[in-house]
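Quick notes on the structure that follows.
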Amino acid sequence: MKILVGYKRVVDFNVRIQVKPDGSGVVTDGVKLSPNPFDEIALEEALRLREKGIAEEVVVVAIAPADAQPHLRNGLAMGANRAIHIVSDGPVQPLTAARALLKLIEKEQPGLVLLGKQAIDDDANQTGQMLAALWQRPQATFASELAIDGQVARVTREVDAGLETIEIDLPAVVTTDLRLNEPRFIKLPDIMKARSKPLETLPLSDLGVEPGDFIAAGQHEPPPARARGVMVDDVAGLVDALKQRGLV
Amino acid sequence: MSKVLIIAEHLDGQLNPSTAKCVSAAAKLSPQAIDILVLAEQADAIAADAAKIDGVGTVLTVSRAENAQPLAAILAPQVAKAADGYSHVFGPSTTFGKDLMPRVAALLGVGQVSDLMEVIDAHSFKRPIYAGNAIVTVTAPADAPVIATVRTASFPAAGSNGSAAVQALDLDVELPGHTRFVELKAGKSDRPDLQTASRVISGGRALGSGEAFKVIYSLADKLGAGVGASRAAVDAGYVPNDMQVGQTGKIIAPELYIAVGISGAIQHLTGIKDAGTIVAINKDPDAPIFEIADIGLVGDLFKILPELEAAL
Ligand SMILES: Cc1cc2nc3c(=O)[nH]c(=O)nc-3n(C[C@H](O)[C@H](O)[C@H](O)COP(=O)(O)OP(=O)(O)OC[C@H]3O[C@@H](n4cnc5c(N)ncnc54)[C@H](O)[C@@H]3O)c2cc1C
């Protein structure tokens, strides 16, 4: 089985996000970019399935500007067999990403598509579900456990009520939650090896997908600030402060 | 004029309060009609509850054995069909809605507005991005249905004095058999539900074990509070996943939130920004949680919590 893994480049989760003064977006110049944490988990899971002999090939895919090659090399260094870089200057919306991934699926015929449940930039949490719909295949979102037995996957999902387990026929789309696994660290020799692994570049337009502006982004603003709080010295002070606010 | 269809969330025959919050969001559109769609094995009792929500015109029901569990692949084609004639289709931004609504949007060939937190007009909305560190105004096209998930912490639940009509729908949609429900392991708790509780106490990595969470539960019971946790506490196995608060857990808006032994990472803070009063108890005076807290107390939680419980 071949596994296709979505591998988006995003602003690192440790960066303190600043809205640009003119409100046109957030500051991304000179800011550390990293693989989306959920996508690293997706890649890790794919690699483990390959190590168990369930998958033969792991292909990482990113839709990103031309300067994202080192990002894809990173995925190769982590262990993917090859990479596909769909080149798009600007960010693409989830529906466009899903349409582009569907084109790749038609070409690559994977048995499983693993994506992060959300990207930590736009926090949309849509692409996996949209892709599964367009592909007319099952989806298992927010996965915290994945077991594959032949043509069926058993997936445990983190839902508000607890842990839900479903069974889906393959091929299918699975999106990862944080507790699915802990991604491995990349070792130096793997970075060297990654240099010679195949990396295909493909302009988005070559896939016959137009980057649609389905939901147009306008003005950005910082979230409303909370008023500065007070520090109390002890439990008595805390109880007083709570009483003053009518909370106890 | 807008016509809004809201997808009801329910579990074990109980309507989830997220549905009434979606109705409040829909009401901000000043629409011509707000209808609710209940997809269930037996929709009648749930529909009767939904019909009481203020401002609802009609509750539409589809009772089918396949709808016994909320499987997005089964529900989405039914929602997409029922959406015909509506200008807006809203679901809650809970794991139920997040799973379902994008699948509906793709079937309809439109984008989705995730985590709608404010209505500006029928097609413009505000939503958080970057873990809530920026708010963006987005505009959906006027000539297509608007599919959105509603950030439930941003809207109060609509009242329950209504008496909407209930009407069964026959959608005649073929459903796939490729997705099957196996089981739900629900965290059983007698405490108030995290997402609706007016008071919540959360514990972090500092607790150090599941056993140590007793001090949190004990204070929670005294206050009648729900209990949450940081990701670190869930990852470490101290408490189940359904207690996680934050960017990738639950976004909550209680009147009182007490963070105990939680450092205040942005991913955690994004889940509590709408709380009325935030109390932080942490032994590190430089912990970022104090930047957002309304009331801060520096000290050892294992000393402070029993004292606090005794003082209340
Ligand atoms: C993509 C992504 C998504 C994430 N989503 C979430 C999310 O949804 N929710 C979430 O919570 N996190 C999330 N995180 C994790 C987040 O970044 C932090 O790692 C996590 O919130 C830390 O949990 P904590 O505060 O319990 O632990 P720590 O950061 O280790 O903090 C422990 C705190 O306890 C204090 N302490 C220790 N001992 C005592 C004592 N005896 N008395 C009092 N105080 C004490 C310490 O001073 C410290 O401040 C996410 C991270 C990523 C990358």
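Tabulated data for the structure shown
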{"read-out": "Residues satisfying the stated conditions in segment A:145-160, i.e. in contact with a strand residue (DSSP E or B) (Cβ under 7 Å, 6 or more places away or on another chain) and surrounded by fewer than 18 Cβ atoms within 10 Å (Cβ to Cβ)", "value": "A:145, A:147, A:151, A:152, A:154"}
{"read-out": "Any hit, segment B:252-260, residues being in contact with a Phe, Trp or Tyr (Cβ under 9 Å, 6 or more places away or on another chain), crowded, with 17+ Cβ neighbours inside 10 Å, more than 11 Å from chain A (Cβ to nearest Cβ) and at pLDDT 95 or above", "value": "no"}
{"read-out": "Residue match in segment A:202-225 (condition: under 30 Å from residue B:154 (Cα atoms), within 8 Å of chain B (Cβ to nearest Cβ), of a type outside the set (S, T, N, Q) and touching an Asp or Glu at 6+ places or on another chain (Cβ under 6 Å))", "value": "no"}
{"read-out": "Qualifying residue in segment B:271-287 (condition: assigned to a helix (DSSP H, G or I), more than 12 Å from the ligand (Cβ to nearest atom) and more than 9 Å from chain A (Cβ to nearest Cβ))", "value": "no"}
{"read-out": "Residue satisfying all of: in segment B:122-133; outside any strand (DSSP E or B) and free of Cβ contacts under 8 Å to residues at least 24 places away in the same chain; surrounded by the fewest Cβ atoms within 10 Å (Cβ to Cβ) among these", "value": "B:123"}
{"read-out": "Criterion: among the aromatic types (Phe, Trp, Tyr), touching a residue at least 40 places away in the same chain (Cβ under 8 Å) and within 12 Å of the ligand (Cβ to nearest atom) - qualifying residue of B:290, B:302", "value": "B:302"}
{"read-out": "In segment B:247-270, residue nearest to residue A:241 (Cα to Cα) [restricted to those that are within 6 Å of the ligand (Cβ to nearest atom) and in contact with a Leu (Cβ under 7 Å, 6 or more places away or on another chain)]", "value": "B:261"}
{"read-out": "So residue B:47, is it small (Gly, Ala, Ser), outside any loop (DSSP other than H, G, I, E, B) and within 11 Å of chain A (Cβ to nearest Cβ)", "value": "no"}
{"read-out": "So residue B:104, is it away from chain A (no Cβ under 11 Å) and closer than 23 Å to residue A:98 by Cα", "value": "no"}
{"read-out": "Residue satisfying condition, being closer than 18 Å to residue B:19 by Cα, part of a strand (DSSP E or B), within 8 Å of another protein chain (Cβ to nearest Cβ) and β-branched (Val, Ile, Thr), within set B:59, B:136, B:113", "value": "B:113"}
{"read-out": "Given (1) surrounded by fewer than 24 Cβ atoms within 10 Å (Cβ to Cβ); (2) facing chain B (nearest Cβ under 8 Å); (3) more than 18 Å from residue A:96 (Cα to Cα), index of the condition residue A:183 fails", "value": "(2)"}
{"read-out": "Test: residue in segment B:189-198 that is more than 18 Å from the chain's Cα centre (by Cα) and either within 13 Å of chain A (Cβ to nearest Cβ) or within 24 Å of residue B:21 (Cα to Cα) (or both)", "value": "yes"}
{"read-out": "Selection status of residue B:224, in contact with a Phe, Trp or Tyr (Cβ under 9 Å, 6 or more places away or on another chain) and touching a residue at least 24 places away in the same chain (Cβ under 8 Å)", "value": "no"}
{"read-out": "Any chance residue B:234 is within 23 Å of the chain's Cα centre (by Cα), in a loop (DSSP other than H, G, I, E, B) and within 16 Å of the ligand (Cβ to nearest atom)", "value": "no"}
{"read-out": "Looking only at segment B:221-231, and only at residues there that are away from the ligand (no atom under 13 Å from the Cβ) and of a type in the set (Gly, Ala, Ser), the one that is farthest from the other protein chains (Cβ to nearest Cβ)", "value": "B:226"}
{"read-out": "Unique match (being among the aliphatic types (A, V, I, L, M) and closer than 20 Å to residue A:3 by Cα) among A:33, A:95, A:76", "value": "A:76"}
{"read-out": "The lone exception for residue A:39 - which of (1) crowded, with 23+ Cβ neighbours inside 10 Å; (2) in a loop (DSSP other than H, G, I, E, B); (3) not hydrophobic (A, V, I, L, M, F, W, C) it fails", "value": "(2)"}
{"read-out": "Condition check for residue B:183: of a type in the set (Asp, Glu), away from the ligand (no atom under 12 Å from the Cβ), away from chain A (no Cβ under 11 Å) and over 27 Å from residue A:15 (Cβ atoms)", "value": "no"}
{"read-out": "Top-ranked residue of segment A:163-180 - restricted to ones that are within 20 Å of residue A:2 (Cα to Cα) and among the polar types (S, T, N, Q), ranked as nearest to the ligand (Cβ to nearest atom)", "value": "A:176"}
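The values are calculated or read from the model by the stated rules, or taken from the named source; none is laboratory data. Source: prediction; values computed, not measured. Here the Cβ is made from the backbone with ideal geometry for all residues, glycine too, and neighbour counts use every protein chain on show.
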